[in-house]
Each structure stands twice: as C-alpha cells, then as structure tokens.
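Remarks on the structure that follows.
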Amino acid sequence: MILLTLIAFYSDIPPSEQKVPTEIHQGLNGTLTYLGEGSQTVAYLSSDGACVLKLFKATHEKSFKFTRLFRRRDKAQSGAKWRQKFEDTARRTALAYDHLREESALLYLHFEATEESLTVTLKERSGIVRHVDLSSLPFVIQKKAILAPEYLSSLIAQGDRQKALEAALSLKALFEARALKGFSDPRQTLSTNYGFIEGKAIQIDVGKIEKDPDADSSKVHAKVDNWVNKNFPELL
C-alpha cells in the first residue's frame, strides 16, 4: 500500500528535462528486493546486490510503531509537515551529493519528475511483487554498504583484529574528510548511519548533515573510540 500512496502523492511533481543516466537504468534492472525502511524512506536492494534504491514515502512515519494505527487526524497538517521534512532532507542530500559524494557513496538523486518511463520491479517484505514507474517519484540510489557493527563483528569473528582496527581508523578518516570540507552531522549514530564498502567507511544516512565551517572532527574521533570500546572490547 505504501507504493500506491506514493504514486498518488507525487503525481503533482512537475517534470524536468533531466535524463536518467544509462548506468542507472541498468542498475535498476531485475527485481529489487525490500531491504528495510525508516521514517522517510523504503529501501530496496538491487538484483546484483551492488546498490540500494531509497524511495521516499508519502507521509513521515516512525517504523513499526503502534501509533501508526492512528492516522485519521488532521491529514492536511501531516502532509504539510511531511513536505517540509522532505524538502529539508532533499536539500541536505543534494549537499552530500555535490560535496561528499565519495564519503556518502551516493550515485544518483531523483527529486524532480522525469518524462521518460523508469519502470522497476519491486519485491515487498510480504513477498508481493509490484511494477512501479519511478519517473514521478523522488528517490536516491546509493552503493550498498555493510553496516559498521556488522562489518566489525565479521572481522572479529574471522580473527582479523588488524582489519577491525583499520576499520575504526577509516571511520575517523571519514569524519576528518567531512570536517575539512566544512560539514558536520549532529547525529553520530555509528550503529545505523555508517557502513563500509570494500573496507572504507561511508556515511549511509546524510539526511541531517549541515554546513559547519568550524566542524571539529576530534570530538567525533572520541565518540568513535567510545563506541568501539563499548561494542568491541576485544579490540582494546
């Protein structure tokens, strides 16, 4: 039902003249499988496992909350609030795409409707398969990363302490690079917002980044140390 709501909600997005790159079309071939969801997006994994499609919802939701059963109240206010949140997230994501593309592994942003059809096959969590034209829907495509705790846990399980330590250093290097470019993020949720691609740390969720010419990476470095010490004491 989420996708049907999306289609109705975004039908008023004006088309642009931008063309969807051929490599993006190719990356969306095959069946994309439900991966997970947050308050604003639903994520689907590409058939080759290389990238993730993040499709924006039509309403701002807290995932798996009992309060989602009570949505009858003031739809106009809810819609306006969601649009404001979406516009803010889109703006910050565009900043990341323009200035932190390597650090975020973002491949493509689609925040305006396109005239050419972009039909994909989506397999929902329930197993239902849908064919959806993304041309009028806002979405983001990002390289698939392994979540930071999962990546470090796998290295430790393999007995590769050195690579695990290098992973922690890669997280610090990521924050250093971001600070040098004049950006910070008030949420440093290392367990869910960061991951690794071929051993290199990236920021998965960029929806809260902000320009910060005085960004200080040293404070974040200390948080990385505390996070590692708390969750992976075997690396001490």
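Could you say whether any residue in region 179-188 is in contact with a His (Cβ under 9 Å, 6 or more places away or on another chain), surrounded by fewer than 21 Cβ atoms within 10 Å (Cβ to Cβ) and either farther than 19 Å from Glu102 by Cα or not aromatic (Phe, Trp, Tyr) (or both)? There is at least one residue in region 179-188 that is in contact with a His (Cβ under 9 Å, 6 or more places away or on another chain), surrounded by fewer than 21 Cβ atoms within 10 Å (Cβ to Cβ) and either farther than 19 Å from Glu102 by Cα or not aromatic (Phe, Trp, Tyr) (or both). Those residues that are in contact (Cβ under 8 Å) with a residue 12 or more places away in the chain, of a type outside the set (Lys, Arg) and out of contact with any His (no Cβ under 8 Å at 6 or more places or on another chain), I need them from region 126-140; list them, please. Those that are in contact (Cβ under 8 Å) with a residue 12 or more places away in the chain, of a type outside the set (Lys, Arg) and out of contact with any His (no Cβ under 8 Å at 6 or more places or on another chain): Val129, His131, Val132, Asp133, Ser135, Ser136. Scan region 207-236 for residues that are touching a residue at least 40 places away in the same chain (Cβ under 8 Å) and over 25 Å from Leu155 (Cβ atoms) and jot them down. Across region 207-236, the qualifying residues are Gly207, Lys208, Ile209, Glu210, Lys211. Considering only residues in region 51-79 that are in contact with a Lys or Arg (Cβ under 6 Å, 6 or more places away or on another chain) and either at pLDDT 55 or above or not assigned by TED's automatic domain parsing to the domain that holds Ala90 (or both), the one that is nearest to Thr93 (Cα to Cα) turns out to be Val52. Residues of region 121-140 being under 14 Å from Gln18 (Cβ atoms) and either polar (S, T, N, Q) or not assigned by TED's automatic domain parsing to the domain that holds Gly27 (or both), which ones? Listed by number, the residues that qualify are Ser135, Ser136. Condition check: of a type in the set (A, V, I, L, M), modelled with pLDDT under 95 and either buried (at least 16 other Cβ atoms within 10 Å of the Cβ) or in contact with a strand residue (DSSP E or B) (Cβ under 8 Å, 6 or more places away or on another chain) (or both). Does Leu174 satisfy that? It is false that Leu174 is of a type in the set (A, V, I, L, M), modelled with pLDDT under 95 and either buried (at least 16 other Cβ atoms within 10 Å of the Cβ) or in contact with a strand residue (DSSP E or B) (Cβ under 8 Å, 6 or more places away or on another chain) (or both). Within region 166-194, residues that are farther than 19 Å from Thr93 by Cα reach partners that are of a type in the set (D, E, K, R) with beta carbons closer than 7 Å, at six or more positions or on different chains, in the pairs Ser170/Lys200. Out of curiosity, is Ala157 under 22 Å from the mean Cα position of the chain (by Cα), outside the structural domain of Lys54 (by TED's automatic domain parsing) and modelled with pLDDT of 95 or more? No; evaluated as a whole, the condition is false for this residue.
Summed over region 197-236, the residues that are assigned to a strand (DSSP E or B), at pLDDT 95 or above and either under 13 Å from Lys172 (Cβ atoms) or in contact with an Asp or Glu (Cβ under 9 Å, 6 or more places away or on another chain) (or both) give a count of 4.
The strands (runs of 3 or more DSSP E) found entirely in region 71-181 that carry 1 or more residues being of a type in the set (Val, Ile, Thr) are 119-123, 129-133, 139-143.
The values are calculated or read from the model by the stated rules, or taken from the named source; none is laboratory data. Computed from a predicted structure; not experimentally measured. All Cβ positions, glycine included, derive from the backbone under ideal geometry; neighbour counts span all protein chains shown.
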